[in-house]
Each structure stands twice: as structure tokens, then as C-alpha cells.
């Protein structure tokens, strides 16, 4: 239906809006009383979209949703400020029928609108603008570290290609190793290429160093720093990531809510009267989940009770599944520390006689 047709009153009605967000446009599909009402494509301007929704559906209670992604939360905040109840959903939470996997903008928006109206969508936690700003430093550092690792791997592959490093060489890629490789090689093209990559690496080193200096300044005034640093296995960088991404864990009403946010909730599969739990859904904050797994591996070497818990489960499950269980126990304890306003306490393990 063309949205410029004669408008009617929607007073007392609920309108459900699915939005497929792109860099320059929004594809919009709306539903009222279990049927599709209007659909259109508009320029990607949050304020303008909110105004259009109020214009096309005067008097209605408007509910909208879009997928989390590159666009962030500016659209969400603008819609909410205009009195539209919006949620941002994880892409994996949107159900797709087996016979309906062709991707188009309006089809994506339609799925969101249908599932929003059916009450099958749950929004993710929305950070404040100050929380988003705080995350920039730690997220940017993570991106640069990833780029540096890619650059190092590229040098290693070139060295392997020219027979300077064997496939099973486990030497850590270092600036000294690069210097040695350049001295060993007789290929001008190889040396030119590796020197170019090496310069990128050194530039990234400097940028990472500057970001880490800013993160230290951030940590000095962060009220959550001390609690996170008291956790076994948590160092400076992991504390910055956890503090910026999670903040005060007492904000989560219960552990289940926290597990859901991080992506530590087991997937459920139903067949008839049987319900089976599988591996974690991985729908939450991927960076936090990854850091917590790293922390858990270190924590089981420092916290005797976590080590005992790991050993207790290891015989029945694989190590990867067990470490996820350790993460759940660890993050639950960190939440308890925030709730009780104390530092993390390592539980004593009774010696076996």
C-alpha cells in the first residue's frame, strides 16, 4: 500500500513496525490486527522515520524493532524519544522458516514485524550514551590488536612461501624475527613486501600503546575497576573490557538475565513432550563471552574451588563445555560481589584427608 494514500485514524490500535536498517535507507513493514498494513522504503534518518510513523498512524500505540548491527542505537533512542516503543533484537533471535531463506529488505522487515506482533521478539540491553563512549577505547584497541595479528600472520605466510619458516615453526612472530628473515632472504620483492607489512605492524603498536595509556586514565576514575581486578584471571585489559561492556553487574536482576546478555544460555530443542538443552546460543555479547572464557582458563589455576569444579565436570563432558560452566559460575560470583559491594572472594577448598 502506498503510504501517501488517505490517512485514517488508528486511535486505540496497536501498530507493529519491522525495520530493516541499511546505511542509506530503511525498509519498513507495518502490521495492524494481524495483517500487513503499509510498507515503504525511506531515507535512513531516524527523526524522519519517527515522524512518518506518527503521520501514517495517528493516535496509535506504535511498537517497532530492528536488528542490532552497524547502525548502533541512535535510531532506537530517537524512536523512543518520539514515544514509539522500540526494541533492538539480536539477528539470531529472528525466526526464519526453512522454506523462506531468500533475503530481501522488505522480507526481513516483514519477519521482524510479524514476530514482534506475535510477541516472539525480546530486545537486547541498550547501553547509555556514556557507556557507548566508554566502550570506544577498549573496542578500538581490540580491533587494532586483531589487525596487528593479521599483519603478523601475513608476514609468517610470506616467509613460509619463500621457505624461510617451516609449517610447524612455533616461534612467536617478533620484530627481531622479522629482522632475521629480512637478512636471510635474497628476494628483493619479499623484503619490500615484508618491510611494508612490518611498518604497518609498528604503526599499530604505537596506536595500541596510545589507547592503552588512555585506558589507564579511564581505569583510574572507574568505580568498577577494583572489583573486576580482584577477580582471579582478570588483568588490566580484561578488566577494562568487562567494566566497559558490563559495568555494575548488580543491574542484572538475576543470573539468568546476565547469562542471556552474555550469550551463555543453553539452546532448547523441543520434540513432542521432550525438551533437550544443547550448546549455548551465542546470541549475546561475543567479545565479553570470549574474554570470560580466557579469564576462566586462568582462573582455574588461581581459584582452588573453580579448579575443583572444573575437574569434577571434566570427566563427564568435553573441556570446552566444562569451561563454559566455569564461566557461568565465575560470572555469577562476580555479580554477587557487585551486589554485596565487596571484592571477589576466593572460596577455600577443604583438603582431602
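Structure above, values below:
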read-out: Condition broken by residue 124, with the remaining ones in (1) under 22 Å from residue 23 (Cβ atoms); (2) buried (at least 17 other Cβ atoms within 10 Å of the Cβ); (3) in contact with a helix residue (DSSP H, G or I) (Cβ under 8 Å, 6 or more places away or on another chain); (4) at pLDDT 90 or above satisfied; value: (4)
read-out: The listed residue being touching a helix residue (DSSP H, G or I) at 6+ places or on another chain (Cβ under 9 Å) and part of a helix (DSSP H, G or I), out of 342, 327; value: 327
read-out: Test: residue in region 116-131 that is assigned to a helix (DSSP H, G or I) and in contact with a strand residue (DSSP E or B) (Cβ under 8 Å, 6 or more places away or on another chain); value: yes
read-out: Residue 18 vs. criteria within 17 Å of residue 121 (Cα to Cα), touching a helix residue (DSSP H, G or I) at 6+ places or on another chain (Cβ under 6 Å) and touching a residue at least 24 places away in the same chain (Cβ under 8 Å); value: yes
read-out: Pair list, Cβ < 7 Å and 6+ apart or interchain, from region 141-169 residues that are over 29 Å from residue 238 (Cα atoms) to residues that are part of a loop (DSSP other than H, G, I, E, B); value: 159/165; 160/167; 162/185; 162/187; 164/185
read-out: Exclusive hit being under 18 Å from residue 327 (Cα atoms) and modelled with pLDDT of 95 or more, set 219, 213, 267, 243; value: 243
read-out: Pick from region 192-214, criterion within 12 Å of residue 152 (Cα to Cα) and touching a residue at least 24 places away in the same chain (Cβ under 8 Å), ranking: farthest from the chain's Cα centre (by Cα); value: 194
read-out: Region 183-213, residues that are closer than 30 Å to residue 344 by Cα and surrounded by 14 or more Cβ atoms within 10 Å (Cβ to Cβ); value: 208, 211, 212
read-out: Top-ranked residue of region 47-59 - restricted to ones that are touching a helix residue (DSSP H, G or I) at 6+ places or on another chain (Cβ under 9 Å) and surrounded by 20 or more Cβ atoms within 10 Å (Cβ to Cβ), ranked as farthest from residue 13 (Cα to Cα); value: 49
read-out: Positions within region 14-35 being part of a strand (DSSP E or B) and loosely packed, with under 15 Cβ neighbours inside 10 Å, in sequence order; value: 25, 35
read-out: Residues of region 216-231 satisfying the condition of being surrounded by 20 or more Cβ atoms within 10 Å (Cβ to Cβ) and either part of a helix (DSSP H, G or I) or in the same structural domain as residue 145 (by TED's automatic domain parsing) (or both); value: 227, 228
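The values are calculated or read from the model by the stated rules, or taken from the named source; none is laboratory data. Source: prediction; values computed, not measured. Glycine also receives a Cβ, built like all others from the backbone with ideal geometry; neighbour counts cover every protein chain displayed.
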